[in-house]
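Student: After the structure tokens below, expect a handful of questions from me.
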Amino acid sequence: MKIAIIGTGNLGISIAKGILHSNGATSMYLTKRNLEEIRVFEKYGNVTITSDNREAVDNSDILIFAVQPRHFAGILEEIKDILTEKHVLISTITGFSIASMEAIVGKAQYIIRSMPNTAISVGDSMTCLCSNEAGKKRIDLAKAIFNRMGHSMEIPETRMQAATVICASGIAFWMRLIRATTQGAIQLGFDAKEAQELAMHTCHGAASLLINSGNHPEQEIDKVTTPMGCTIEGLNEMEHQGLSSSLIRGIIASHDKINQIKKG
Ligand SMILES: NC(=O)C1=CN([C@@H]2O[C@H](COP(=O)(O)OP(=O)(O)OC[C@H]3O[C@@H](n4cnc5c(N)ncnc54)[C@H](OP(=O)(O)O)[C@@H]3O)[C@@H](O)[C@H]2O)C=CC1
Ligand SMILES: O=C(O)[C@@H]1CCC=N1
């Protein structure tokens, strides 16, 4: 598997780490205009870093694009004349439609849209995928790539904005919940390091319980809430303060913002 990451910033670096972590490529090209931040990858024998997107495309089969939306059209224009049928284009770009990509590179090109998150760096991303008509022939390949670095789900393109909020922005939302729990633990007497350890492993355990049992969260909550006990006291106070409501409202606000960015 010869993979290029075009635009190796926050997400691109996370994907590069995930690919290295999972031995997911025979060769990897990483591109960026200013190479200083990614020089660290030069120590890997099968990784080339370059500012030349065309060189990366020429020497790779799987092209993962991870630039800011405003740079993407220009980059597709820059490389479109050297694309061949060996290439699979995988975009991670928020709000950039398959139709907009096809308008530049043509409908015959294999096009996949993906929405991973930064946990891909540790092999634990939730990645949503969709494709154009031609790309249906390569969607299983894309799933195989992302399944090595977590979990993937094929969804219709109309759900990509929602997937961005839940899975990509979701990492930041869960981080805030873990941080708030950590602050609570500190107030109850743990030192900061211990508090974070308690918060993050409990969070991990809660997700593992659901993943392994297939249960609804309330089934697991019922097992914890002793009648008249401390858990239901805490949960009800959180709901009086709007915990579920504020999370849902935040998710909707985030989704509204993507739609504004898209229109802009
Ligand atoms: N961050 C996240 O968690 C997620 C981000 N996304 C999407 O991924 C994309 C990238 O996001 P993010 O990584 O946060 O953004 P960053 O700004 O961190 O990374 C983008 C990178 O692209 C590089 N770049 C810009 N122009 C070019 C060019 N012409 N050729 C090659 N590289 C170029 C920039 O480096 P330089 O200026 O040196 O060239 C920069 O490092 C966005 O579209 C975002 O919507 C999707 C899911 C999650
Ligand atoms: O915040 C953003 O707009 C991008 C998309 C998802 C994660 N980061």
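Coordinate-derived values only; no laboratory data. Just so we're clear, the structure is a prediction, and the values are computed from it rather than from any experiment. Counting neighbours? That spans all protein chains shown, and the Cβs are built from the backbone with ideal geometry, glycine included.
Student: Given the DSSP H assignment, sum -39500 (n - 2.57) over each helix run of at least 4 residues in the chain and divide by its residue total; what's the result at 222 nm in deg cm²/dmol, nearest 500?
Tutor: The per-residue figure over the chain is -15000 deg cm²/dmol.
Student: Would you work out the relative contact order for the chain, in percent, from Cα pairs under 8 angstrom that are 6 or more residues apart?
Tutor: It rounds to 14 percent for the chain.
Student: Further question: Given the options THR181, THR48, THR231, state which has the largest fluctuation in a GNM of the chain using a 10 Å cut-off (strictly under) for Cα springs.
Tutor: Checking each option, the largest mean-square fluctuation is seen for THR231.
Student: Now, a different point. When the chain is modelled as a GNM with alpha-carbon springs shorter than 10 Å, which of GLU133, GLU37, GLU220 fluctuates the most?
Tutor: GLU220
Student: Hey, another quick one. For the chain, with a Gaussian network of springs between Cα atoms less than 10 Å apart, report the residue from LEU210, LEU63, LEU141 with the top mean-square fluctuation.
Tutor: Top of the fluctuation ranking is LEU210.
Student: Still on this model: Where q = 0.17 Å⁻¹, what log10 of I(q)/I(0) comes from the Debye formula for the stretch 156-264, counting one point per Cα?
Tutor: -1.05
Student: While we're here: Would you mind ranking HIS21, HIS87 so that the residue whose beta carbon has the fewest other beta carbons within 10 Å leads the list?
Tutor: HIS21, HIS87
Student: Moving on. Given an 8 Å cut-off on Cα distances and at least 6 residues of separation, report the relative contact order of the stretch 2-155 as a percent.
Tutor: Relative contact order here is 22 percent.
Student: Can you pick out the pairs among LYS32/LYS143; LYS43/LYS257; LYS223/LYS257; LYS17/LYS80; LYS43/LYS143; LYS143/LYS223 whose Cα atoms lie more than 30 Å from each other?
Tutor: In this structure, LYS43/LYS257; LYS223/LYS257; LYS143/LYS223 exceed 30 Å between Cα atoms.
Student: Something else: So what is the relative contact order of the stretch 164-263, in percent, for Cα pairs below 8 Å that sit 6 or more residues apart?
Tutor: Taking the mean separation of contacting Cα pairs over the length of the stretch 164-263, I get 22 percent.
Student: Could you please tell me the mean projected area of the C-alpha convex hull for the stretch 2-155, averaged over all directions and given in square nanometres to one decimal?
Tutor: Value for the stretch 2-155: 7.7 nm².
Student: Roughly speaking, what % of Cα-Cα pairs in the chain are separated by over 31 Å, rounded to a whole number?
Tutor: 34 percent
Student: Net charge around ALA142, counting only other residues with Cβ within less than 13 Å of its Cβ (Lys, Arg = +1; Asp, Glu = -1)?
Tutor: +3
Student: Search the structure for amide H atoms under 5 Å from the amide H of GLY150, placed 1.01 Å from N in the peptide plane, and list their residues when 5 or more places away or on another chain.
Tutor: SER125
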